[in-house]
Amino acid sequence: MESGVKIIQGTNSKPASSRALVEYFSNNLADAGELFIGFPIIGTPEGRHPIDAMWISPTKGIVIFDLVEGVDPGEYSERQDDAANKIEARLKTHRELMDRRNLLIPIHTISFAPGISTPERFERPDYPLVNLNSIDLCLRAFAWGDSDTSVYGATLSALQNISSIRKSRTKRITTKVDSRGAKLKRLEDSIATLDSLQNKAVVETVDGVQRIRGLAGSGKTIVLALKAAYLHAQHPDWRIAVTFNTRSLKGQFKRLINSFVIEQTKEEPDWDNLCILNAWGAPGGKDREGIYHEFCRAQDIPYYDYRSAKAIYGRGEEFAGVCNEALKQAQKITQYYDAILVDEAQDLSPAFLRMCYDILTEQKRLVYAYDELQNLSGNSLPPPEDIFGKHEDGSSRVTFDDSPETSPIRDIILPMCYRNSRPVLVTAHSLGFGIYRTPPPKSDIGLVQMFGNARLWEEIGYQVKDGILQDNSDVVLARTPETSPKFLEDHSPIDDLIQFHVFDTVDEQAEWVSKSIEKNITEDELRHDDIVVINPNPITTLEEAGRIRDRLLEMKINSHLAGVDTNPDVFFESESPSVTFTGIYRAKGNEAGMVYIINAHDCQSAFFNLASIRNRLFTAITRSKAWVRILGVGPKMEALIAEFDELKKRNFELQFRYPSESERQKLGIVHRDMTAAEQRKLKSTEKQLADLVNDLEFGNVYPDDLDDALLKRLETLLKRKRE
C-alpha cells in the first residue's frame with residue numbers, strides 16, 4: 001500500500017525503531033507531508049547533532065521523533081527538549097518563518113519506542129512516549145491551527161539548506177528590474193526546495209548499489225554532492241570518495257560539499273575521509289589522485305597514463321582498456337572505501353564501476369548517476385546484472401528488482417528538469433534524436449538514435465499527448481508543467497530563450513558572438529561567469545575559440561579556455577572576471593545563464609558516429625539555465641535550423657513514428673561509434689583508395705593494369721550507390 005506521506009529513509013544508529021516508524025507511516029494513508037529518517041543534521045557548538053526522524057506535515061507542523069531502541073527509554077525528556085531547541089534555533093534564522101519573535105510553524109516532539117510494551121510506566125507529563133499501539137492516538141492530538149502552505153514549503157527549504165547552494169558562485173548585483181542579470185537572480189531564488197525524488201536520492205541510504213538516472217538539469221550533480229555531504233555528516237569516520245570523468249567538476253563538487261557540510265554541521269569537512277578525485281588520476285600528489293591510479297598503487301600493479309593507454313587500446317577505448325587490465329592483474333583486491341559516489345557514469349566504462357565495487361567494504365555502498373543522452377562516446381551502460389557480474393551460485397551480484405516496498409529506493413529516476421526551460425530541453429532532445437531530421441536517400445527514417453525501452457520517455461518527464469508509445473506506432477510527446485516548471489520559461493519570450501543563427505563565414509560568426517557578449521556584460525547585467533562559449537568539436541576548439549577571444553581582448557573583455565589557460569580542475573575563473581570558452585568534454589556537468597554554441601553545423605552530419613556527434617549538441621544545449629544561442633556556418637547549419645523550425649511549428653512537441661526493434665538495431669549500426677580498430681581500417685582503406693585514384697589520374701597506373709572482375713564489382717557498387 002502506498003502512503004500519503006512521502007518517506008525519505010536516511011541512515012542513523014537506530015535501525016529497528018526506524019524500520020517500525022517507516023512501517024507505520026507506510027500504512028497510514030490519511031496524512032500527508034514528508035517523513036525523514038536520519039535527517040536533518042544540526043550543527044551546534046558541541047558538534048553535529050543528527051535528528052533521529054522528523055515529519056513535516058502541512059496540517060500538524062513539525063513532529064520530531066526521538067527513537068528508542070530496546071526497552072530502556074533513558075532520559076528521553078531531555079532528548080526531546082534538546083532536539084526541539086536545536087530545530088527551533090535553526091528555523092529562527094529564516095525571516096520568512098518568523099512573525100516578530102515567534103516561529104510560524106509549531107514544533108511537536110514524541111519518543112517512539114516500539115520495543116516497550118507498556119510505555120505509560122515511563123511517561124512524563126508533556127513528554128509523549130509511545131509504541132506502535134499508541135502512536136496513532138498521540139499524533140492525532142497534534143495540530144497546526146493556522147496552517148500555511150507557503151510556510152510549509154519555506155520550512156522544507158530551510159531544513160534542506162539548499163538555497164545557498166543553488167545560488168550563483170558570487171553575489172549578484174543588479175540595478176535594472178528586467179535585465180538578464182535580474183531574471184537570472186529570480187530564477188536562482190525560485191529553486192529553493194528539493195522535490196521528493198531528489199530528497200530520496202540525497203538522503204536514502206542503502207547497503208549495496210544505488211542508481212540515479214535523470215535528464216540534464218535534473219540535479220544529479222547537486223544530489224550527489226548533497227548525498228556525499230550527508231553521509232560524511234552522519235558518518236565522519238567513513239572513508240567516502242566522489243569521482244567523475246570531467247576534471248572541471250572537481251572545483252564544483254568541492255564548493256557544493258563544503259557549503260552543505262558547513263551549513264549542516266557548522267564544521268569544515270574532513271577532506272582526508274571525504275575524497276573528491278578524478279576517475280583516472282595520475283602520479284603527483286593528492287591533487288592529482290584518481291580512483292584508477294589509487295587502485296594500481298594499492299594492488300601494486302602497472303599504471304598506464306592516457307598516452308600509453310591510447311597506444312595500446314586505441315582512441316575511445318583507453319580508459320576501459322586500462323580498467324579491464326587492472327582488474328585482471330589484481331590478485332587480492334584491497335577494500336578501502338566505505339562509500340563511493342560516481343557522477344557522469346555514462347562516460348565511464350563498466351570495468352570502472354566494477355573497480356569501484358571491488359574496492360568498497362562489505363556493504364558495497366556504490367551510488368552511480370548518469371544521463372544516457374549525455375553519453376559522448378556512443379556506448380550505453382549495460383544493466384547492473386551485466387556490469388557487476390554474478391556470484392558463484394549464478395545469481396546476480398547486483399539487481400534492482402528485489403527490494404521490499406518499504407526499503408530505501410535503489411533505482412531512482414529524476415524526471416524534473418530545473419535547469420532548462422521546456423523549449424530548450426525539447427530542442428535538445430529533438431536534435432539529439434534527430435526527430436525532425438530529413439531522412440537520407442532510400443530511407444524513410446531520419447532518426448539518429450532511440451531509446452530501446454519506450455517507457456523511458458515517460459520516466460524522464462514526457463507525456464503521451466496523442467498516439468501510442470510502442471514500436472511501429474505514431475506518437476506525440478510533450479513536456480508537462482510538473483516536469484518542466486513554467487517559471488523556467490516565463491521570464492523571457494521563446495524567441496529569446498533559444499535562437500539559431502547561420503553565417504556565411506566563421507569570421508562573421510566570431511564577430512557576432514563577441515558583440516553579443518559585450519552587450520551581455522555592459523547592458524544585460526550578466527557577469528563574466530554567467531557566459532559560456534562551447535565548441536562541440538574538441539579538435540578545433542583552440543583555433544575556433546581564438547577567433548572570438550581575440551576580438552573580446554580588443555574590447556577589453558577577459559576570457560579563458562577551460563583546462564588550457566587554467567588548472568584542469570577549474571572551469572570558471574574565480575580570481576578575476578573572465579568569460580569561459582570550452583570544448584564539449586569540459587562543459588559537461590557545468591551550467592551558465594547564457595550559452596553560445598559555435599560551429600553547430602559540425603553536428604549536422606558525419607560519415608560515422610552521428611549519434612555521439614548529436615549527443616555533443618544535446619549536451620551543449622542543456623548547459624543553459626536561461627538562454628542559448630546555437631550558431632553555425634553554411635548549408636549544414638541551415639539544415640539544422642530546418643529541424644528546429646519544424647519543432648517550433650509543432651509547439652515544441654515530439655511527433656514521430658516509434659521505430660521497430662529491427663530499425664533501432666539498424667540505427668545502432670548506421671550511427672554507432674566505430675571502434676578504434678574499425679576507424680584505423682577505414683582510414684587505411686581511404687588512403688589506399690586515394691593513392692589508387694592519384695595513380696590513375698597521373699598515369700602511374702592504367703585501368704588495363706587492374707583486374708577486370710574487381711573493376712566490374714567496383715563499377716556495380718558505385719552505380720548502385722548513385723541510384
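The values are calculated or read from the model by the stated rules, or taken from the named source; none is laboratory data. Values in this document were obtained by computation on a predicted structure and should not be read as measured data. As a convention, Cβ positions derive from the backbone with ideal geometry for all residues, glycine included, and neighbour counts pool all protein chains shown. SASA here: full protein model, heavy atoms, side chains in, ligands and nucleic acids out. Shrake-Rupley method; radii C 1.70, N 1.55, O 1.52, S 1.80 Å.
Here are the numbers:
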item	result
Estimated distance in nm for a label pair at residue 459 and residue 171, the labels positioned 7 Å out from Cα along Cα-to-Cβ	4.5 nm
DSSP beta bridges in segment 26-150 [antiparallel fraction, %, rounded to 5]	65 percent
Efficiency of FRET between residue 565 and residue 282 - r from beta-carbon atoms, R0 22 angstrom, step 0.05	0.60
Nearby lysines by direct alpha-carbon distance to residue 171 (threshold 20 angstrom, same-chain neighbours under 8 apart not counted)	183, 185, 254, 625
All aspartates and glutamates inside 12 Å of residue 636 as judged from Cα atoms, apart from same-chain residues fewer than 8 positions distant	504, 602
Accessible solvent surface per residue of segment 260-324, calculated while the other protein chains remain in place, 1.4 angstrom probe, Å²	49 Å²
Cβ-placed point charges (K, R +1; D, E -1), dipole of the chain about Cα centre in debye, nearest 20	920 debye
Percentage relative contact order, segment 242-329, counting C-alpha pairs under 8 Å, at least six apart	20 percent
For segment 526-585, radius of gyration divided by Kirkwood radius, i.e. Rg to Rh on alpha-carbons	0.93
Share of carbon and sulfur in the accessible heavy-atom surface of the chain [1.4 Å probe, %]	50 percent
Euclidean distance between Cα centres, segment 206-223 to segment 247-273, Å	18 Å
Shape box of the chain [Cα atoms, principal axes, largest first, Å]	108, 66, 56
Reachable lysines from residue 200, criterion Cα separation under 17 angstrom, eight or more residues apart if same chain	6, 220, 227
Accessible surface, segment 1-146, averaged per residue in Å² (probe 1.4 Å)	48 Å²
Length-normalised contact order of the chain in % [C-alpha pairs under 8 Å, at least 6 apart]	12 percent
Using a Förster distance of 30 Å, the FRET efficiency for residue 451-residue 310 (Cβ separation, nearest 0.05)	0.45
Segment 582-659-segment 288-355 distance, computed between alpha-carbon centres (Å)	32 Å
Counting DSSP beta bridges with both ends in the chain, the antiparallel % (nearest 5)	30 percent
Overall Cα dimensions of segment 1-124 - principal axes, largest extent first, Å	43, 35, 26
Given charges at Cβ of Lys, Arg, Asp, Glu: the chain dipole, positive-most of 528, 398, 656	528
Cut-off 10 Å between beta-carbons: net charge of the residues surrounding residue 657, Lys and Arg +1, Asp and Glu -1	-4
Accessible area per residue in Å² at 1.4 Å probe, computed on segment 487-607	41 Å²
Length-normalised contact order for segment 542-603 - Cα pairs under 8 Å, 6+ apart - percent	25 percent
Cα shape, segment 258-406, gyration tensor, a/c 1.5 rule	rounded
Ellipticity estimate at 222 nm from DSSP helix runs (n ≥ 4, -39,500 (n - 2.57)) divided over the chain, nearest 500	-11500 deg cm²/dmol
For segment 126-140 versus segment 506-573, the gap between their alpha-carbon centres in whole angstrom	62 Å
Stokes-Einstein diffusion coefficient of segment 477-593, Kirkwood radius over Cα pairs, 37 °C, 0.692 mPa s, in µm²/s	210 µm²/s
